[in-house]
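Participant: Here's a structure for you.
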C-alpha cells in the first residue's frame, strides 16, 4: 500500500470522527444515544463484522498463522506490560499510576482497531485480527481490572466477564471457518450488511465521545504527553523492530504493529468508573491519545506498512 492510499484511508476515518464530533456539538447525539450506539456496535455490528470476515475457505495452512498470531499477541502484551510496569520508576508519584498503565497496555482494538485494519490491510485481515485480539479480552478483565483497582479492597475477578458478544462471534466464526460451512444468502447477506455498519458508526461514536472531554486539562498534563508518545509511537516502533527479523509473513507483522498503534481503549473511562479510579483522567487519556492518533496512525502505517 502506497503513501496516498494509507493517508486517504485514515483521513476518511478522521472525517467520520469529525462528523460524530459535530453531531454531538449540535445535540444530534447525546450521552444516552452515544451509549446505546456503543452497545449496539459491540453487541451486534462488530460481531457481525467478525463473523462475516470468517466466511472464507478453510485452508489447513492457516492454522499455523492462527497459532503464530496468538503467540505474537501474548508476546506483545507481555512487552506492553513490562513498559507499563516500568512507569512506577519513571513517574515520581504513584497517584493514578493504574490509569497510565492501563492506557499503555490496552489499545482501542474494537472501535478503531478493526476498522483501521480493514481500511489498510483489507477484509481478510479482520479475520486474523479477531484471532490476534483474543488475549485482549482475557487480559482486560484480569490485568486491566488489577491496574484500576489494585489499591482497593473490592477487587474481584469473574469468569462471566469473559463471555461477551465479541468472544461468542469469534467462536461462531471459527466453527463456521473450520467446518467450511457456507451460510445461505438470506443469513449471510444480513450479517454482511450489519458488519458494514461497524466502521462508520464506530468513528461517529468516537467523535461523540471526544466532544465531551476537557481539552484544556489534557494539554496541561505533562504525563499524558509521555504516555501518548509511548502508546502511539514508541510501542508500535518497538513491536515492529522486535518482530521484523522473526516474522516473514507481512500480515502477521502488520497486524500487531497497527493494533499497537491504536489510541487508549475506548472503555478506559467505563472501567475506571466501575472500579472507582480517576474517571476524569481516564476520559482525558482516551481523548488525548485518540486526537493525536489521527496523525500518528498514518505515520506508523506509512513508515512500516506502505
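Participant: Tell me, what is the FRET efficiency for residue 71 and residue 39 to the nearest 0.05, using R0 = 35 angstrom and their Cβ-Cβ distance as r?
Facilitator: Efficiency computed from Cβ-Cβ geometry: 0.60.
Participant: Still on this structure: How big is the stretch 209-306 in terms of Cα radius of gyration and Dmax, in angstroms?
Facilitator: Cα only, the stretch 209-306: 14.9, 45 Å (Rg, Dmax).
Participant: So, one more: Given a 10 angstrom Cα cut-off, can you work out which residue in 128, 102, 58 is the most mobile in a GNM of the chain?
Facilitator: 58
Participant: Using only Cα atoms, tell me the angle between helix 279-304 and the longest principal axis of the chain; keep it within 0 to 90° and round to the nearest 10.
Facilitator: Result, in degrees: 50.
Participant: Apply 1/(1 + (r/R0)^6) to the Cβ-Cβ distance of residue 11 and residue 248, taking R0 = 41 Å, and write down the FRET efficiency to the nearest 0.05.
Facilitator: Between residue 11 and residue 248 the formula returns 0.85.
Participant: Where in the stretch 255-288 is the amide nitrogen less than 18 Å from a point lying 7 Å along the Cα-to-Cβ axis of residue 138?
Facilitator: The answer is 256, whose backbone nitrogens lie closer than 18 Å to the label point.
Participant: While we're here: Would you mind giving the three semi-axes, in whole Å and largest first, of the ellipsoid equivalent to the stretch 86-132 according to its Cα gyration tensor?
Facilitator: Semi-axes, largest first: 33, 9, 8 Å.
Participant: Picking from 111, 186, 127, which is most flexible by a Gaussian network model of the chain using Cα springs under 10 Å?
Facilitator: In this elastic network of the chain, the residue with the biggest mean-square fluctuation among 111, 186, 127 is 186.
Participant: Another one. What is the mean projected area of the alpha carbon convex hull for the stretch 1-139, to one decimal in square nanometres?
Facilitator: With every direction weighted equally, the projected area is 11.5 nm².
Participant: First obtain the Kirkwood hydrodynamic radius of the stretch 23-72 from its Cα pairs, then insert it into the Stokes-Einstein equation at 37 °C and 0.692 mPa s, and state the resulting D in µm² per second as a whole number.
Facilitator: 236
Participant: Running a GNM on the chain with Cα contacts under 10 Å, which residue among 284, 248, 101 ends up with the highest mean-square fluctuation?
Facilitator: The residue with the greatest mean-square fluctuation here is 248.
Participant: Post the alpha-carbon centroid distance, the stretch 46-98 to the stretch 217-246, in whole angstrom.
Facilitator: First find each Cα centre; the distance between them is then 15 Å.
Participant: What ranking of 136, 7 emerges when the number of other C-beta atoms within 10 Å of each C-beta is taken as an exposure proxy, fewest first?
Facilitator: So the residues, fewest neighbours to most, are 7, 136.
Participant: While we're on this one: Got the relative contact order for the stretch 3-295 handy, in percent, Cα pairs under 8 Å and 6 or more residues apart?
Facilitator: Dividing the mean separation by the residue count of the stretch 3-295 yields 34 percent.
Participant: Now, a different point. Please arrange 193, 76, 242, 271 by counting, for each residue, the other beta carbons lying within 10 Å of its beta carbon, fewest first.
Facilitator: 193, 242, 271, 76
Participant: A follow-up question, please. Relative to the compact-globule scaling 2.2 N^0.38 Å, provide the ratio for the alpha-carbon radius of gyration of the chain.
Facilitator: Output field value: 0.96.
Participant: On to the next question. May I ask you to list the residues of the stretch 97-125 whose amide nitrogen lies under 19 Å from a point 7 Å from Cα along the Cα→beta-carbon direction of residue 18?
Facilitator: Flagged as within label range: 116.
Participant: If I model a spin label at residue 179 and residue 31 as a point 7 Å from the Cα along the Cα→Cβ vector, what separation in nanometres do I get?
Facilitator: Taking the two extended label points, one gets 4.4 nm.
Participant: May I ask for the angle, rounded to the nearest 10°, between helix 3-25 and the longest principal axis of the chain, with both axes built from Cα atoms and the value confined to 0 to 90°?
Facilitator: With both axes taken from Cα atoms, the answer is about 60 degrees.
Participant: Ok, one more. Find the centroid of the Cα atoms in the stretch 7-30 and in the stretch 111-128, then give the distance between the two in whole Å.
Facilitator: If you average the Cα positions of each part, the centres end up 19 Å apart.
Participant: Quick one: 179, 283, 301, fewest Cβ neighbours within 10 Å first, how do they rank?
Facilitator: Ascending number of Cβ neighbours within 10 Å: 179, 283, 301.
Participant: Given the rule -39500 (n - 2.57) for each run of at least 4 DSSP H residues, summed and divided by the residues of the chain, what is its mean residue ellipticity at 222 nm, to the nearest 500 deg cm²/dmol?
Facilitator: That calculation yields -22000 deg cm²/dmol at 222 nm.
Readers should treat all values here as calculations from the given coordinates under stated rules, not as data from a laboratory. Bear in mind that the values here come from a model prediction, so they are computed numbers and not experimental data. We place every Cβ from the backbone using ideal geometry, glycine too, and count neighbours over all the protein chains shown.
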